[in-house]
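Engineer: Sending over a structure as structure tokens; questions will come in a sec.
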Amino acid sequence: MKKSFLSAIAVSAVLCIAGCAVQSTQQVAQESSVPKKAQTLHFDFPKDYKNWMHGTSKIILDKSSPLYGFQQVFINDIGSEAYKRGGSYPEGSIVIVGFYEAIAEGNEIRQGDIIWYAGMKKDSRATQSAGWIFNGFDAKTFQSKIDDPINGCYICHTSMKHRDYIFTSYAGDVSVAQSDVPKAVEGSFAFPADVRTWRHSNSKVILDKNSPLYGFQQIYVNETGFEANKKGGPYPDGSQIIVGFYEPVKDGEAVSQGNILWYAAMKKDSAAAPETGGWIMDGFDGKMLNSVVKDPVSGCFNCHTVKKDKDYVFSEYVP
């Protein structure tokens, strides 16, 4: 009798263990079938981003597109070299894209007010999105506006895995080293080969090939003149402004920055250029960087006199 009782206990124990095992297996199966909650990591908007390296610009004119706008791309110092190479980015790299109103009037497209910002920050905690925190920011409050960065951003970027998930690429670098820049002719100055390290002020596109200002214009200002450019002048001596005129590459409703055509340049030197408002004005060939302006008064300054109240500078800083 005792032996039978013990056998019954043993059988019950086995059935209990088997039942728990089945239940445990079913629970694991159920848990594995439930999708993992998407990560919602965020980072604070870097309000000093306009001090970073400017990477490129692009325009999407289709207002129904989620990427509509005059796009300006900026990269922090940590990620700048990787951006030039096309990847891979070190921890702490940040890419900010400002989406501005694209104001198209005839053959001219100007950069208007800011609409919103897109951002990416390399952070190893972002295991579900290849080490990148994806975010979007409200233009006024700078607060995050992306609820689901995985499905809202990352999924689209997977097509650019070969470039470490970054769509845009560096445009407009000067291929000539400063040591190889032609010496300045009398009344001019040598082209500054480090111009792409300067602050980006504004962009504009002229699509009319008959215009002397045809091109995708990128305006850069050196450190000496940057604060004056933000205020609208006056500029201290040593200020320099370079406008790169690039080929506009039009593809349907998109306009991108192509190869360099030429550069317009201004350098403030009150003593050297009294006849042109204290500015040495010149233009440079896009490839050889030779001076292409023979008469800076009739070739440049006479046109700039209409902007005397802005210290003879046409371009205006866009925040």
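Engineer: Highest GNM mean-square fluctuation, the chain, Cα pairs closer than 10 Å: which of Ala265, Ala184, Ala171?
Structural biologist: Comparing Ala265, Ala184, Ala171 in a Gaussian network model of the chain, the most mobile one is Ala184.
Engineer: In the chain, which helices (entire DSSP H runs) extend 18 Å or more along their own long axis, judged by Cα positions, while averaging at least 0.0 on the Kyte-Doolittle scale? If you can, show how the numbers build up before the last one.
Structural biologist: Working: long enough: 2-33 (47 Å, 0.65).
Those that pass (Cα extent of 18 Å or more, hydropathy at least 0.0) are 2-33.
Engineer: Among Asp251, Asp138, which comes first, then next, by fewest other beta-carbon atoms within 10 Å?
Structural biologist: Placing the least packed residue first, the sequence is Asp251, Asp138.
Engineer: If exposed GluC sites (Glu not before Pro) are those in a DSSP loop with at most 16 other Cβ within 10 Å, what is the longest stretch of the chain that has none?
Structural biologist: Details: sites that count: Glu91, Glu186, Glu253, Glu316.
So the longest stretch without any such site is 92-185.
Engineer: At a temperature of 37 °C and a viscosity of 0.692 mPa s, determine how fast the chain diffuses translationally according to Stokes-Einstein, using the Kirkwood radius over alpha-carbon pairs as Rh; express D in µm²/s, rounded to the nearest whole number. Please report the intermediate quantities before stating the final value.
Structural biologist: Numbers: Rh = 22.8 Å.
Rounded, D is 144 µm²/s.
Here, each number is a calculation from the coordinates, and none is a lab measurement. Predicted model only: the values in this text are computed from it and were never measured. Cβ atoms come from the backbone with ideal geometry, glycine included; neighbour counts cover every protein chain shown.
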